[in-house]
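The structure appears right after this line, and notes come after that.
The values are calculated or read from the model by the stated rules, or taken from the named source; none is laboratory data. Here the structure is a predicted model, which is why all the values come from computation and not from measurement. Every residue, glycine as well, gets a Cβ built from its backbone with ideal geometry; the counts of neighbours run over all protein chains shown.
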Amino acid sequence: MELDRVADRSGWEVFSPLRVRVNSRTDREPDLAITTIRGRHEAVPVTEVLLVGELISKGSVVADTREKPAEYADAGVEWFLLASETPAGWTATLYQLGVEPHEQVDAWGGPIADGRYVPVSHGQPAGQLVLPDLFGITIDLRTLS
C-alpha cells in the first residue's frame, strides 16, 4: 500500500490495529494508526500518534463518530480518518484537528468531535481519498476490503 511506503520513507509506521494509550484511564484500539514509534509495542502513547482511523460498523457508530474522535482530539491527535462501507462501496473522510471548536457535521449528518476536527478530504464510494499535506498520497477506495 502506498501509505506504508510513504510512512516508511518518513520514519513512521502504519499499524492495523494498534493499542493507543489515549490518557491515564483509557486505551483505544483504532483500526488504523500511524505512529512515530517503529516496531510493535504493548500500547503506544498518544503523543506518538500522527493519525488514527476508524471503520464504522453498525455496533460502533456512536463510539466511532463521537466518543473516539472527542478522545483523540482532547489528546491532540492531528489527523482522524473515518471510513464506512456502503452498498456502493467504501466512503472515507479525513479530518484535521482545528484550532477552535466550531459546528461541523460528518458525512452522516452528525457533529464530529464537538467540531474540533475539520474535514479536509472526502472520498465517495468507488472514488479516491486524497491525503494532503502530511501524507501527499491518494487512496483508491475501491481497493479497500
note = In segment 111-139, anything modelled with pLDDT of 75 or more and not polar (S, T, N, Q) is listed as R116, Y117, V118, P119, V120, H122, G123, P125, G127, L129, V130
task = Kindly check whether there is at least one residue in segment 76-84 that is on the phi < 0 side of the Ramachandran plot, among the β-branched types (V, I, T), in a loop (DSSP other than H, G, I, E, B) and at pLDDT 85 or above.
result = yes
inquiry  = Going residue by residue through segment 88-104, is there one that turns out to be at pLDDT 80 or above and loosely packed, with under 15 Cβ neighbours inside 10 Å?
reply    = yes
task = State yes or no: is V6 modelled with pLDDT under 90, more than 17 Å from G136 (Cα to Cα) and not in a strand (DSSP E or B)?
result = no
inquiry  = Test of understanding: among A63, A33, A43, which residue is free of Cβ contacts under 8 Å to residues at least 40 places away in the same chain, farther than 20 Å from T93 by Cβ, surrounded by 13 or more Cβ atoms within 10 Å (Cβ to Cβ) and among the hydrophobic types (A, V, I, L, M, F, W, C)?
reply    = A43
inquiry  = Can you pull out every residue in segment 9-65 that is within 18 Å of E78 (Cα to Cα), basic (K, R) and over 15 Å from the mean Cα position of the chain (by Cα)?
reply    = R21
key: Which listed residue, of A63, A33, is in contact with a Gly (Cβ under 9 Å, 6 or more places away or on another chain), hydrophobic (A, V, I, L, M, F, W, C) and within 21 Å of E85 (Cβ to Cβ)   = A33
